Every structure is written in structure tokens, then in C-alpha cells.
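Quick notes on the structure that follows.
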Amino acid sequence: MNEPKDVLDQGPFFHGTKAELKIGDLLEAQNQSNYQDKKSNYIYFTATLEAAKWGAELAAGDAKERIYLVEPQGEFENDPNLTDKRFPGNPTRSYRSQSPLKIVAELSVWDRHTDEEINHMLASLKALREQGKAIIID
């Protein structure tokens, strides 16, 4: 567990997904990724509602978009896919852990990005994939 002096962020922390989960459930690494056709070595989360919204909206599948309030159950680190690679200094407050995240609540109301914003993001991600630049460090 992180020592108080080592804590990267106090939270609260969010996880955006299309998975239906219950209070007390644990999100764990080694499950199917929401963004790649593989199992993920980490579980990803954020301390910003904006990043959690993107996580829910861009997750694979057609199920309902959900944002959960989560508590890390172990150590975590800055998400290298966003920090320093795309957003130096981690302004998205994005993290990952190999330890579980405990579901403590679900946000029942949140404002979704517009369809235009989501379609623009999807087009941008598609262009990155076509350029071979959509690599997730996992």
C-alpha cells in the first residue's frame, strides 16, 4: 500500500465502463480490455469525471455506459499511456494498478459527451490505429 507521503492522488476515483457491476465487486486486472482485443495486465481508473466519461463512452460493446466510484485496494501508478506520452504532468489524473479496485458507488446521473464529440474522438482513435500509433503500454 502507498505510504501517505507516496500517494499520487487522494481521489475520489472513477472507472468508466459498460460492465454492470455491484457495490462491493472488485475490478481486477487480467480481464478482457475495453479497448483492445486482449486481456489487460492492469485495471485503469481516473480522478476526473471527464476521463471517466470517455472511458464509459469509448468502452467496447453496446451496453449502458456506467461510471463507478472506486477505491484502489493496493498500489497504483500514473498511466503511462497518457502521462508524459500525451499529457505531460498527468492533468487527466489517470492511473493503473495490478491490484483490484473496489466498487463503492455508481454515479446515477452524469452528462454524456455529445454524439459529435464522441464521433470525433472515435475518428481520431481510428486514425491513430491506421497510423500504427494506437499502442497501449500494458
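So the values come out like this:
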read-out	value
Cβ-Cβ under 6 Å pairs, at least 6 apart or on other chains, region 41-58 side under 16 Å from GLU106 (Cα atoms) and touching a residue at least 40 places away in the same chain (Cβ under 8 Å), far side of a type in the set (Gly, Ala, Ser) and in a helix (DSSP H, G or I)	THR46/ALA52
Failed item in (1) closer than 20 Å to ILE43 by Cβ; (2) at pLDDT 90 or above, with ILE118 passing the rest	(1)
Matching residues, region 108-128, being outside any helix (DSSP H, G or I) and surrounded by fewer than 13 Cβ atoms within 10 Å (Cβ to Cβ)	SER108, VAL109, ASP111, ARG112, THR114
Of all residues making up region 91-130, the number that are among the small types (Gly, Ala, Ser) and without any contact (Cβ under 8 Å) to a residue 12 or more places away in the chain	4
Among residues of region 2-26, those that are modelled with pLDDT under 95 and at positive phi, counted	1
Residue match in region 60-80 (condition: at pLDDT below 90, buried (at least 17 other Cβ atoms within 10 Å of the Cβ) and within 20 Å of LEU122 (Cα to Cα))	no
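The values are calculated or read from the model by the stated rules, or taken from the named source; none is laboratory data. No experiment lies behind these values; they were computed from the predicted model shown. Positions of Cβ are backbone-derived with ideal geometry, glycine not excepted, and every protein chain shown enters the neighbour counts.
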